[in-house]
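The values are calculated or read from the model by the stated rules, or taken from the named source; none is laboratory data. Just so you know, these numbers come straight off a predicted model, no measurement behind them. Glycine gets a Cβ as well: all are built from the backbone with ideal geometry, and neighbour counts include every protein chain shown. These accessible areas exclude ligands, DNA and RNA; they are computed on the full protein's heavy atoms, side chains included. Shrake-Rupley method; radii C 1.70, N 1.55, O 1.52, S 1.80 Å.
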Amino acid sequence: TRRQVLAQVVVCLGCCCGRTDRGRPEVPSDWLKAEWKARRLAKQVQLTISGCLGPCDLVNVIAVAGPDGIDYYGRLTTQAHFDAVLDWATACARDGVVAPLPAVIAAHRIDRFRPA
């Protein structure tokens, strides 16, 4: 059976996010891409490494798009954050449904168009 795309994770790697040369925390984009490929997630949960998503003062921003819309998360500053996103995508692909994001990510939800 053909599986459908359930969600998309867009990871900012723009002017500020992941810029360790500017004292910002790393965005492990190469690791994420390799793990996404190794776990064969792209057909169910797409990964996009993007330019600036803003807001830049909330470093390491991601957007998660699914059937209910797009939510933004900021200040993802540890490997544990990116591990949680990967594990979430793996569970969604395995189960064929968009699960709620884990608390370690959900706690970082931001309103993209309002000041923090």
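Side notes on the structure shown:
- The simple spin-label model puts a point 7 Å past each Cα toward its Cβ; for Cys15 and Cys56 those points are separated by 0.3 nm.
- Farthest towards the positive end of the charge dipole of the range 5-56, among the residues Leu32, Cys15, Leu53, is the Cα of Leu32, using unit charges on the Cβ of Lys, Arg, Asp and Glu.
- Placing +1 on the Cβ of every Lys and Arg and -1 on the Cβ of every Asp and Glu, with nothing else charged, gives the chain a dipole about its Cα centre of roughly 320 debye.
- Principal-axis analysis of the Cα atoms of the chain puts helix 29-38 at an angle of about 10° to the longest axis.
- Counting only alpha carbon atoms, the long axis of helix 79-95 and the longest principal axis of the chain meet at about 20°.
- Directionally averaged shadow of the chain, computed from the convex hull of its alpha-carbon atoms, nm²: 7.0 nm²
- Secondary-structure-derived ellipticity at 222 nm for the chain, considering helices only, amounts to -8000 deg cm²/dmol, per-run term -39500 (n - 2.57) for DSSP H runs with n ≥ 4.
- Per residue, the chain exposes an accessible area of 57 Å² to a 1.4 Å probe, with every protein chain left in place.
- Cleavage-rule hits (trypsin sites (Lys or Arg not before Pro)) in the range 38-116: DSSP loop, at most 14 neighbouring Cβ within 10 angstrom: Arg40, Lys43
- Residues listed by number, the range 42-82, amide nitrogen under 19 Å from Asp111 label point at 7 Å toward C-beta: 54-59, 62-64, 69-75
- Of the solvent-accessible surface of the chain, computed with a 1.4 Å probe and all protein chains present, 50% belongs to carbon and sulfur.
- Added length on full extension, which subtracts the Cα-Cα distance from 0.36 nm per residue, Ala65 to Gln79: 2.9 nm
- Charge tally around Leu58: other residues with Cβ under 13 Å, Lys/Arg +1 each, Asp/Glu -1 each, net +3.
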